[in-house]
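Single-structure report; data block below.
The values are calculated or read from the model by the stated rules, or taken from the named source; none is laboratory data. On a predicted model such as this, the values are computed, not experimentally measured, just so you know. Cβ: placed from backbone, ideal geometry, glycine included. Neighbour counts: every protein chain shown.
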Amino acid sequence: MNCEKVSQELIAYLDGRMDSAKRRETEEHLASCAACRGRAEQFRRVWTVMDEVPVIEPSFGFDARVRQRVAAGPERGWLAWFVPQARLAFSAVLLIALTVWIAKRTSNPATGGPAGSTEQDFNAIQHLGVLENYDVVTKMDALSELVPSADQKPQTPETEPRESND
Amino acid sequence: MLDVKAGDNASFDSLLLKYRSPLVNFLYRMVRDRATAEDLAQDVFLRVYRARKQYIPSAKFTTWLFRIATNAALNSVRDNRHQRMAVSLDVPAREEPEALPRELPAREMRIDEHLLERDRVEFIQRAIAALPEKQRAAVLLHKYEEMDYAEIAQILDCTEAALKSLLFRAYENLRVQLAPLVNPSALSQRAAERRPS
């Protein structure tokens, strides 16, 4: 046995938890190695010194508090995993409501948010050519195809000359 | 524990009576705060009670109990580490009104000058508390709970060989830390050398 091997087994040797064959080997090494023998002796002293640490007693009422907690505490089964705490659930609901409110506010231009969505902008651009064509706007040929209903009033004479003038 | 599992509450009282002191002491030596140790011990008993129906006697009850306790202590130590690091030197070391501000450990001088019993115990406790968490747990379970290697290895979730190595390093650290108490002759020799002739 060398010093390294002995140092690995030294605690077990001092404990008396070593089989007889290993014990004999360790003793033989300790007899011939002053360094390991000195260390073993110091470990023994460390254990003696550690015995000076006093044992404390649990405070008065310790048992009662344990029993009280055992009696009072609801048992949390596996289902409890899925049940969030009340405060956590409230915070989550509040956060979702706030997010929805902010999202609605930003998508509605009437409430002072940014003007229109991308879809609205696209429609405006798509019809820009028609709006810029003055002829289409003034003649309004499409309207002539409409059959006037019975209750509809006849066109006033003031509107007719304007068309003929064009 | 099997009786507790079967619904016998009187058996739980017996467990409480038998293990409360070792558990509180183990946790106190781990966290170095009595109130925290008692709170943790209560939590451990509560967990044991609530897990009674799932208890399978594959290991010794003490192994199971101290595994829960060790995990609770390690979590507590890790959670409170930043707070402990922020402790000011101006804050008194103990809660007594006459307590002096903390002193940086000028170990050899202090031990040499006045080795009162309380100082000795405090010194030993500090040396144990200064060990890395896993080494500390291993030493406490080995020295004070007198558990065998297989049990401690199971609690700390390591092999027996790794545990032996861990214990050796831990006691080696303690041997160095506690040198003034373990090797007082060397200390007085050093003090004599420092003294002006």
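Assorted remarks:
- Where B:SER21 falls short, out of the listed (1) more than 25 Å from B:ARG78 (Cβ to Cβ); (2) at pLDDT below 90; (3) of a type outside the set (Lys, Arg): (2)
- Within segment B:115-146, the set of residues being within 12 Å of chain A (Cβ to nearest Cβ), part of a helix (DSSP H, G or I) and surrounded by fewer than 20 Cβ atoms within 10 Å (Cβ to Cβ) comprises B:GLU117, B:ARG118, B:ASP119, B:ARG120, B:VAL121, B:GLU122, B:GLN125, B:ARG126, B:ALA129, B:TYR144.
- For segment B:51-65, the condition of being within 14 Å of chain A (Cβ to nearest Cβ), buried (at least 19 other Cβ atoms within 10 Å of the Cβ) and either touching a residue at least 60 places away in the same chain (Cβ under 8 Å) or closer than 13 Å to B:PHE26 by Cβ (or both) holds for at least one residue.
- Helices (runs of 4 or more DSSP H) (entirely within segment B:151-197) containing at least 3 residues that are surrounded by fewer than 19 Cβ atoms within 10 Å (Cβ to Cβ) and at pLDDT below 90: B:184-194
So that you can scan it fast, the table gives a plain yes or no per residue for (1) assigned to a loop (DSSP other than H, G, I, E, B); (2) within 14 Å of chain B (Cβ to nearest Cβ); (3) at pLDDT 85 or above:
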| residue | (1), (2), (3) |
| --- | --- |
| A:ALA12 | no, yes, yes |
| A:THR26 | no, yes, yes |
| A:PRO54 | yes, yes, yes |
| A:LEU88 | no, no, no |
| A:VAL93 | no, no, yes |
| A:VAL100 | no, no, yes |
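- Candidate set from segment B:37-50 (those that are surrounded by 18 or more Cβ atoms within 10 Å (Cβ to Cβ) and in contact (Cβ under 8 Å) with a residue 12 or more places away in the chain); member that is farthest from the other protein chains (Cβ to nearest Cβ): B:LEU40
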